[in-house]
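> This is the structure, below, for whatever I ask next.
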Amino acid sequence: GPLSPRIYYRKGAGSYFSQACSLTGGTTTNGTWDCVVNNADLGGVAPADVISYFVIAQDTLGNIGSNPAGAVASDVTVLIAPPAAPSTYTIVAPFTGSYDIGTGQTYTSLTNPGGIFEAINAGALTGSVVLNIVSDLAGETGTHALNQWAEDGVGGYTLTLVPFGAPRIISGTTTGSTGLIRLHGADRVTIDGSLSAGTDRSLTITTGNSSGVVIWISSASASNGAGNNTVKNCIISGSTGVTAIAGILTGGST
């Protein structure tokens, strides 16, 4: 009824809205409740919005409890004060489908500041992603590895990197002994250098750093390895006259 548990939520420093939770199992006095944030109440949400929320309930005697603790209310529908430290989450940008990477595109690099790796690390995959390399990428710095991405939905998504339109070259010089392209705990990544899903080698990846690595597949921690990754149909090399530490290196984070 009207005194069912409720979830309260707000966007940024705005006003709190609330919705009654729904009973999904058990009884009204000893049950499991499903509490849903309605983004329409908030006027919609966008990347970087911070949503604060807490759940409030009362027993048959009218005693109030909240999670996180600290809410003050006369009953679940009349809020006097929210908890001092409500729970929060941040809306991030979703990624799914194909993205063109190169000159004139939204993302002009893989690993540089403002590149697609940094954006995916700060966002979430809502489906599998294909990165089409539509021009040569010179000047890659390896600044941003591709981390284990967040996922929303069914999960288990893949990321595939391919040349598009013509043979492409990815090149650059890193700072120190790191990978020009680094998969840091990222799983289910395929770098396929074929233009036709065949066996042509139409993607060259080369480092100009004699103390660097072209592609480094590294674990993020002892419990977060980089698994089920594939590199195929690529030419992996150091620049002319440069002998890199490794073409493709697999190992730990150091």
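> If I filter the stretch 208-226 down to residues being in contact with a Gly (Cβ under 9 Å, 6 or more places away or on another chain) and farther than 24 Å from I133 by Cβ, which single residue comes out as surrounded by the fewest Cβ atoms within 10 Å (Cβ to Cβ)?
A222
> Output the residues belonging to the stretch 78-95 that are open to solvent by less than 70 Å² (accessible area, probe 1.4 Å) and not small (G, A, S).
Once the filter is applied, which keeps residues that are open to solvent by less than 70 Å² (accessible area, probe 1.4 Å) and not small (G, A, S), the stretch 78-95 yields V78, L79, P82, P83, P86, I91, V92, F95.
> Please determine, by comparing only the residues of the stretch 16-45 that are in a strand (DSSP E or B) and polar (S, T, N, Q), which one is least open to solvent (accessible area, probe 1.4 Å).
S18
> Does Y107 count as modelled with pLDDT of 95 or more, open to solvent by 40 Å² or more (accessible area, probe 1.4 Å) and in contact with a helix residue (DSSP H, G or I) (Cβ under 9 Å, 6 or more places away or on another chain)?
Considered against the rule, which asks whether it is modelled with pLDDT of 95 or more, open to solvent by 40 Å² or more (accessible area, probe 1.4 Å) and in contact with a helix residue (DSSP H, G or I) (Cβ under 9 Å, 6 or more places away or on another chain), Y107 comes out as yes.
> Taking S194 and the conditions (1) open to solvent by less than 50 Å² (accessible area, probe 1.4 Å); (2) not in a loop (DSSP other than H, G, I, E, B), which numbered condition does it fall short on, given that it satisfies the others?
Going through (1) open to solvent by less than 50 Å² (accessible area, probe 1.4 Å); (2) not in a loop (DSSP other than H, G, I, E, B) one by one, S194 breaks only (2).
> Output the residues belonging to the stretch 58-77 that are in contact (Cβ under 8 Å) with a residue 24 or more places away in the chain and either in a strand (DSSP E or B) or buried (at least 19 other Cβ atoms within 10 Å of the Cβ) (or both).
Q58, A71, D75, V76
> Taking R188, is it in contact with a Cys (Cβ under 7 Å, 6 or more places away or on another chain) and either modelled with pLDDT of 95 or more or under 18 Å from T160 (Cβ atoms) (or both)?
Spelling it out, it is not the case that R188 is in contact with a Cys (Cβ under 7 Å, 6 or more places away or on another chain) and either modelled with pLDDT of 95 or more or under 18 Å from T160 (Cβ atoms) (or both).
> Now a separate question. From the list S109, S128, S135, S87, which one is among the hydroxyl-bearing types (S, T, Y), more than 17 Å from G185 (Cβ to Cβ) and over 23 Å from the mean Cα position of the chain (by Cα)?
From the options S109, S128, S135, S87, the qualifying one is S135.
> Kindly list, by first and then second residue, each pair from a residue in the stretch 181-201 that is in contact (Cβ under 8 Å) with a residue 60 or more places away in the chain and within 22 Å of T250 (Cβ to Cβ) to a residue that is open to solvent by less than 30 Å² (accessible area, probe 1.4 Å) and part of a strand (DSSP E or B), limited to pairs with Cβ atoms under 6 Å and residues at least 6 apart or on different chains.
Correct list of pairs: I181/I215; R182/W216; H184/S218.
Residues checked against (1) assigned to a strand (DSSP E or B); (2) under 26 Å from G156 (Cβ atoms); (3) not charged (D, E, K, R):
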position: T199; (1), (2), (3): no, no, yes
position: S210; (1), (2), (3): no, no, yes
position: V214; (1), (2), (3): yes, no, yes
position: I217; (1), (2), (3): yes, yes, yes
position: G227; (1), (2), (3): no, yes, yes
position: V231; (1), (2), (3): yes, yes, yes
position: S237; (1), (2), (3): yes, no, yes
position: G241; (1), (2), (3): no, no, yes
position: I248; (1), (2), (3): yes, yes, yes
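> Here is a further query. Please name all residue pairs, on different chains or six or more residues apart, with Cβ atoms under 8 Å, provided the first residue is in the stretch 46-57 and is under 13 Å from P94 (Cα atoms) and open to solvent by 50 Å² or more (accessible area, probe 1.4 Å) and the second residue is assigned to a strand (DSSP E or B) and among the polar types (S, T, N, Q).
Pairs found: A48/T90.
> Is it the case, given these coordinates, that I205 is open to solvent by 30 Å² or more (accessible area, probe 1.4 Å) and closer than 15 Å to L137 by Cα?
It is false that I205 is open to solvent by 30 Å² or more (accessible area, probe 1.4 Å) and closer than 15 Å to L137 by Cα.
> So A119 clears everything in (1) outside any helix (DSSP H, G or I); (2) under 20 Å from the mean Cα position of the chain (by Cα); (3) surrounded by fewer than 18 Cβ atoms within 10 Å (Cβ to Cβ) except one condition, right? Which one?
(1)
> A further question on this structure: If I go through the stretch 74-121 residue by residue, how many of them are of a type in the set (D, E, K, R) and under 30 Å from I7 (Cβ atoms)?
1
> Restricting to the stretch 124-146, what's the tally of residues that are assigned to a loop (DSSP other than H, G, I, E, B) and within 23 Å of T178 (Cβ to Cβ)?
Total meeting the criteria: 6.
The values are calculated or read from the model by the stated rules, or taken from the named source; none is laboratory data. The structure presented is a predicted model; accordingly, all values stated were derived computationally and were not measured. Heads up, the Cβs are rebuilt from the backbone with ideal geometry, glycines too, and the neighbour counts pull from every protein chain shown. To get the accessible areas, we keep the full protein, side chains included, count just its heavy atoms, and leave off ligands, DNA and RNA. Shrake-Rupley method; radii C 1.70, N 1.55, O 1.52, S 1.80 Å.
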